[in-house]
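Q: Structure below; questions to follow.
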Amino acid sequence: IFDVSKPWLNRVIERREKAFLTAISDVSFEVEDKSVYALVGESGSGKSTVGKIIVGLLSPSEGNVEIDGVNLATEADRHEVERVRADVQMIFQDPYASLNPRWRVRDIVNEPMAARGGDTNGLAERLLEQVGLSAGDADKFPHEFSGGQRQRICIARALASRPRVIVCDEPTSALDVSVQAQVLNLMSDLREELGLTYVFISHDLTVVQHMADRIGVLYLGRLVEEAPRDTLFASPKHPYTQMLFDAAPRMDGFGREVDPPKGEIPDPINPPSGCAFHPRCPLAEQRCKQERPEMRQLGDTRVACHLAE
Ligand code: SF4
Ligand code: MG
């Protein structure tokens, strides 16, 4: 992906790691080929950490990532691991921080293919046109572009090695609202055209509403609910998922904005006992403070809550 041996990028990653270092556990899910799997949660929920583990920027202390039947934790054949890794790329939240300001756009976009020793002749120009920029933009530098255009450059770079899976970490949340829909539409079109699979990370259920096939909801490093998109939107079963829906900006019947959710997010390194959501949960009972709820199957939803039914 982006070569993490380059010091400028290392700095970006280190800086983010300090802010978002999160213990994750019991996060287990499958992403179907050519589908969009959305991981949703507040900051500190561990969603970016999961994304970085999928692309190999972080290694889990336990557990594994399996792609096309290749278990990346145990596969001994290095070429096989490299082949599978090249199939998985990542787009980050902040298009400003993830583009080297001293490189021309051509070199930025070509880099993943150049790193594999592949043919980059005309590649950046083709990809820039594919993401709605022009071939002539290849000669420019990142500072000559707007936020939305820079994210398009990041998308072009992610496509350079012809990946099958792209982990998109809040790809539009640093952009102006007016530009967000354009970038999301581009990503949808590219997925159709190229048959891509997305793991789409977001704090905002409304952003993933039109894109996701399945949605997993993370709270303090654990998966608390997972369901097909329509099921989750029609009947969210976990009180935290319901709170996320209430947090989405919306109007009541009188055109007033509804109050945002209450309660602080606890420290993810020292999560509360029992159900980690109990200090914020309007339904919490005594046993919620002592017993951690197991993931249960309810219809086509999986949910970790004592009371969900
Ligand atoms: Fe709320 Fe208890 Fe369910 Fe946790 S287990 S979400 S505290 S009702
Ligand atoms: Mg994040």
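The values are calculated or read from the model by the stated rules, or taken from the named source; none is laboratory data. Computed from a predicted model, the values in this text were never measured in an experiment. Positions of Cβ are backbone-derived with ideal geometry, glycine not excepted, and every protein chain shown enters the neighbour counts.
Q: Need at least 3 residues that are within 16 Å of R302 (Cα to Cα) and hydrophobic (A, V, I, L, M, F, W, C) per element, so show me which strands (runs of 3 or more DSSP E) inside the stretch 165-251 make the cut, counting only ones lying wholly within it.
A: Counting at least 3 such residues, we get 214-219, 222-228.
Q: Taking the stated definitions as given, is S43 out of contact with any Leu (no Cβ under 6 Å at 6 or more places or on another chain), in contact (Cβ under 8 Å) with a residue 24 or more places away in the chain, surrounded by 13 or more Cβ atoms within 10 Å (Cβ to Cβ) and within 24 Å of V224 (Cα to Cα)?
A: So S43 fits the description; yes.
Q: Could you check the stretch 3-42 and list, in sequence order, the residues that are within 21 Å of I166 (Cβ to Cβ), at pLDDT below 55, away from ligand 2 (no atom under 15 Å from the Cβ) and not charged (D, E, K, R)?
A: Result: V4, L9.
Q: Still on this structure: So which residues in the stretch 154-181 are among the β-branched types (V, I, T) and under 25 Å from V50 (Cβ atoms), if there are any at all?
A: If the condition is that a residue be among the β-branched types (V, I, T) and under 25 Å from V50 (Cβ atoms), then I155, V165, I166, V167, T172 are the ones that fit.
Q: Sticking with this structure for a sec: Within the stretch 113-153, work out how many residues are hydroxyl-bearing (S, T, Y) and crowded, with 17+ Cβ neighbours inside 10 Å.
A: Count: 1.
Q: Continuing with this model, one more query. Are any residues in the stretch 154-179 surrounded by 20 or more Cβ atoms within 10 Å (Cβ to Cβ), in contact with an Asp or Glu (Cβ under 8 Å, 6 or more places away or on another chain) and either free of Cβ contacts under 8 Å to residues at least 12 places away in the same chain or hydrophobic (A, V, I, L, M, F, W, C) (or both), and if so, which ones?
A: Across the stretch 154-179, the qualifying residues are A160, V165.
Q: Now for a separate question. Filter the stretch 181-232 for residues that are of a type in the set (S, T, N, Q) and buried (at least 19 other Cβ atoms within 10 Å of the Cβ); which is farthest from L128 (Cα to Cα)?
A: Here the answer is S202.
Q: Can you tell me which residues in the stretch 128-140 are assigned to a helix (DSSP H, G or I), under 20 Å from V179 (Cα atoms) and not polar (S, T, N, Q)?
A: Matches in the stretch 128-140: L128, E129, D137.
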